[in-house]
Amino acid sequence: MKKASVCRLMAGNISALSLLSLAVPAFADGLVENVNGITLDADGKVIRFNAILIGKDGKVTELLSKKDKLPPQLDFRHDGKGATMLPGLIDAHGHVMGLGFQLLTLDLSATNSLAEAQAAIRDYAAKNPERRWIIGRGWNQEKWGLGRFPTAADLDAAVGDRPVWLERVDGHAGWANSRAMEIAGVTAASKSPPGGRIEMVNGKPGGIFVDAASELVGKFVPAPKPAERDIALGQAQNKLLSQGITAIADMGTSIDDWQSYRRAGDGGWLSVRIFGYAAGIENMVAIAGPRPTPWLYNDKLRLGGVKLYLDGALGSRGAWLKKPYADAPDQTGLQFLASAEIRNLMVRASMDGFQTAIHAIGDAANAEVIGAVEELSAAYKDDRRWRIEHVQIVDPADLQKLGQYGIISSMQPVHQTSDRLMAEARLGQERLKGAYAWQSIAKAGGKLAFGSDVPVESADPFAGLATAMTREDAAGQPFGGWRPNERVTREQAIAGFTTGAAYAAFAESKVGSLTPGHHADFILIDVDPLLASPADLRKAVVKETWVGGRPAFQNTAVTAAENQNDGERR
């Protein structure tokens, strides 16, 4: 990308935020009134209100009902026009820079067949002749109904003159064309590395590289420049704010990511709160040194934990299972770390006060992490808040331990609807008893935190809320929900994206609820999530997003329509 283009895009991102901030005086006592306010208390009970007082520090001063008297002096008053106010929603598991780069590169997530993907790749390459590599993500052979992995030959048919490298939708496999494999030096003699797998076709690498094997090609892809990273961050923030997300747990923060976040903070344009979890011990030490960082930029940024991987994903059969895959009897998935290794890494992080967040999808991987926590809990008796990311397939015998040891189950409701048919094929019916078992975990005393895994899925939290409550997809299928006993209540779903997600990141004293003393992070939407049908909730429109008592996003189309209606009434 040319330097001039980079500068123009950066200026556009920063200017948009600056213009929004002009709507409210800086450091002001203010009131946002005429709202259908909803927040949860520490026990998960609903508190309703009609107005919110905001102090000069951008924190909640008081929640007001229609009967309460207003202060005599205010620096600003903002009419919510009857919209529903919720605490700013928190994505408990996402990838900020991954979202940003998804918005800037080739995105195949909407393709429904191999032919559609090939056409999209061909079109993108034609429109970007200056790019040395064609890079992107989002393909999903299961969604395409392909019955196999795509191959380098499939990709060569779309683009053969330039290297192409495309990550699978879950980020756990890469798809390369022949030119990319040639540059990477991948041949029939290449061996699968520990924790990874090269998919072979007729004795030769077929173009698919699973988990650790992805690095064989991925390391040759040109790294983004700092200015390009900043553009990606700006794009990600704009997208998240437009979806009502005011904070996100960034799972796998690299030193390059952190430097971009710091540049944004220093420059005054970091608008989404980022709870960083370093990409492994090396990045943890490089970013934070001997202890977690302090909260920076008025609680906008902190590196408080480390993300570790124990297995892969179901879609690429990398999830580590206790028994072989039902549709691949010779495979049980990939174990990335030996028992001693995962425990050593957990101890290394815990010794310096870092929270551990461990990716575990298969039942063997989850059992391994739960067992490690069981052992380490004897040595670390303070508030550790051990996290398991995804917790998709758990042996029912292990579910009670999630509650017993206070383990946080960081789960993504939309994975259940996306993965349902694939999970049935991969696992068979018996192992589904502990699959995406939200309500069972809650009843066992486990802590739920909900997110999206963006850019694996859309960050849209309203789809997540609707799915959590129904276990139905956007088309209402299957009717009544898939394994409906695992549905959660509306209040539990909201908690997962607010108080639960804040607790999971040690941020419950700062965000997650509209409580006096907390940051005034909130959204105004056009539906009441406690009353709306799941279909209407999925279509929720975010009218405004506020962070720290300041407007950070305004839906200009909605505002224009409301202003026009006001003018007509007058």
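The values are calculated or read from the model by the stated rules, or taken from the named source; none is laboratory data. Model, not experiment: these values are computed from the prediction. Note that we place each Cβ from the backbone using ideal geometry, even for glycine, and neighbour counts take in every protein chain shown. The protein model used for the area step is the full one, side chains on, heavy atoms only, and it has no ligands, DNA or RNA in it. Shrake-Rupley method; radii C 1.70, N 1.55, O 1.52, S 1.80 Å.
Calculate what fraction, in whole %, of the accessible area of the chain sits on carbon and sulfur atoms when a 1.4 Å probe is rolled over the protein chains. Could you put the intermediate results ahead of the total?
Values: 11890 of 22850 Å².
About 52 percent, which is the carbon plus sulfur part of the accessible surface.
Per residue, how much accessible surface does the chain expose to a 1.4 Å probe? Answer in Å², no decimals. Could the numbers behind the result be given before it?
Working: 22850 Å² over 570 residues.
Accessible area per residue, the chain: 40 Å².
Evaluate E = 1/(1 + (r/R0)^6) for Ala560 and Leu103, where r is the Cβ-Cβ distance and R0 equals 41 Å; express this FRET efficiency to the nearest 0.05. Working shown, then result.
On the way: r = 24 Å, r/R0 = 0.59.
Efficiency at R0 = 41 Å is approximately 0.95.
For Arg162, project a label point 7 Å along Cα to C-beta. Then give me every residue of the stretch 221-238 with its amide nitrogen under 17 Å of that point.
Residues passing the 17 Å test: 221-225.
Quote to one decimal, in nm, the extra length available between Phe479 and Gln73 on full extension: 0.36 nm per residue of separation minus the C-alpha distance between them.
On the way: separation 406, 0.36 × 406 = 146.16 nm, distance 5.33 nm.
Full extension from Phe479 to Gln73 adds 140.8 nm.
For the chain, find the longest principal axis of its Cα atoms and tell me its angle to the long axis of helix 461-470, 0 to 90°, nearest 10.
80 degrees
In vacuum, with every alpha carbon of the stretch 59-214 counted as one equal point scatterer, what does the Debye formula give for log10 I(q)/I(0) at q = 0.11, 0.15, 0.21 Å⁻¹? Two decimals, please.
Calculated log10 I(q)/I(0) at the listed q: -0.54, -0.80, -1.42.
Measure nothing fancy, just the Cα-based angle from helix 114-127's long axis to the longest principal axis of the chain, in degrees from 0 to 90, nearest 10.
Its long axis makes an angle of about 70 degrees.
Need the list of lysines near Lys127 for cross-linking: C-alpha distance under 23 angstrom, and skip anything on the same chain fewer than eight residues off.
Lys2, Lys3, Lys225
Using 0.36 nm per residue, how much length does the chain from Leu530 to Arg263 gain when fully extended, once their Cα-Cα distance is taken away? Mind dumping the intermediate values first?
Values: separation 267, 0.36 × 267 = 96.12 nm, distance 3.92 nm.
Result for the pair: 92.2 nm of gain on full extension.
Mind giving me the FRET efficiency for Lys433 and Asp330? R0 is 25 Å, r the Cβ-Cβ distance, nearest 0.05 is fine. Walk me through the numbers before you get to the answer.
Working: r = 24 Å, r/R0 = 0.97.
The calculated FRET efficiency here is 0.55.
Out of [x] 26.1, 97; [y] 25.6, 82; [z] 23.6, 80, which label holds the value of Rg and Dmax of the Cα atoms in Å that was computed here?
Read-out from the structure maps to [z].
Suppose the chain between Val46 and Thr187 were pulled fully straight at 0.36 nm per residue; how much longer would it get relative to their current alpha carbon spacing? Don't jump to the answer; show the numbers that get you there.
Details: separation 141, 0.36 × 141 = 50.76 nm, distance 6.00 nm.
Contour length minus the Cα-Cα distance gives 44.8 nm.
If one computes the Cα centroid of the stretch 376-391 and of the stretch 221-276, what distance in Å separates the two points?
Rounded to whole Å, the Cα centres lie 28 Å apart.
With each pseudo-label sitting 7 Å past Cα toward Cβ, what's the Glu62-Asp352 distance in nm, one decimal?
So the label points at Glu62 and Asp352 sit 4.6 nm apart.
Show me the trypsin sites (Lys or Arg not before Pro) within the stretch 174-270 that DSSP assigns to loop and that have at most 13 other Cβ atoms within 10 Å of their Cβ. Display every interim value, and only then the final one.
On the way: sites: Arg179, Lys191, Arg197, Lys219, Arg229, Lys239, Arg262, Arg263; in loops: Lys191, Lys219.
Sparse-neighbourhood loop trypsin sites (Lys or Arg not before Pro): Lys191, Lys219.
Any idea what angle helix 255-267 forms with the longest principal axis of the chain, computed on alpha-carbon atoms, 0 to 90 degrees, nearest 10?
Helix 255-267 and the main axis of the chain meet at about 20 degrees.
Which of Lys219/Lys307; Lys45/Lys67; Lys56/Lys510; Lys45/Lys401 have a Cα-Cα distance over 23 Å?
Lys45/Lys401
Stokes-Einstein D for the stretch 53-102 at 37 °C, 0.692 mPa s, Kirkwood Rh over Cα pairs, in µm²/s?
Values: Rh = 14.6 Å.
For these conditions, the coefficient is 224 µm²/s.
Using square roots of five times the C-alpha gyration tensor eigenvalues, list the equivalent-ellipsoid semi-axes of the stretch 155-233 in whole Å, biggest first.
Values: eigenvalues 105, 46, 25 Å².
Over the Cα atoms of the stretch 155-233, the semi-axes work out to 23, 15, 11 Å.
For the stretch 442-502 and the stretch 342-366, what is the centre-to-centre distance using only Cα atoms, to the nearest Å?
Centre-to-centre (Cα) distance: 24 Å.
For the chain, what does -39500 (n - 2.57) per DSSP helix run (n ≥ 4), summed and divided by total residues, give at 222 nm, in deg cm²/dmol to the nearest 500?
Working: 20 runs with 200 residues, N = 570.
That comes out to -10500 deg cm²/dmol.
Rounded to whole Å and ordered largest first, report the semi-axes of the equivalent ellipsoid of the stretch 335-463 derived from its Cα gyration tensor (root of 5λ). Before the final figure, lay out the partial values.
Working: eigenvalues 121, 53, 41 Å².
Over the Cα atoms of the stretch 335-463, the semi-axes work out to 25, 16, 14 Å.
Find, among the chymotrypsin sites (Phe, Trp or Tyr not before Pro) in the stretch 423-499, those assigned to loop by DSSP (not H, G, I, E, B) with at most 11 other beta-carbon atoms within 10 angstrom.
Counting only loop positions with at most 11 other Cβ atoms within 10 Å, the chymotrypsin sites (Phe, Trp or Tyr not before Pro) in the stretch 423-499 are Phe479.
Between Asn34 and residues 5 or more places away or on another chain, which pairs have amide H atoms under 5 Å apart, with H built 1.01 Å from N, and which residues are they?
Gly80
Whole-Hz ³J(HN,Hα) for each residue in the stretch 129-137, computed from phi via Karplus 6.51 cos²θ - 1.76 cosθ + 1.60 with θ = phi - 60°, x for glycine and proline: what do you get?
x, 7, 7, 5, 10, 9, 10, x, 7
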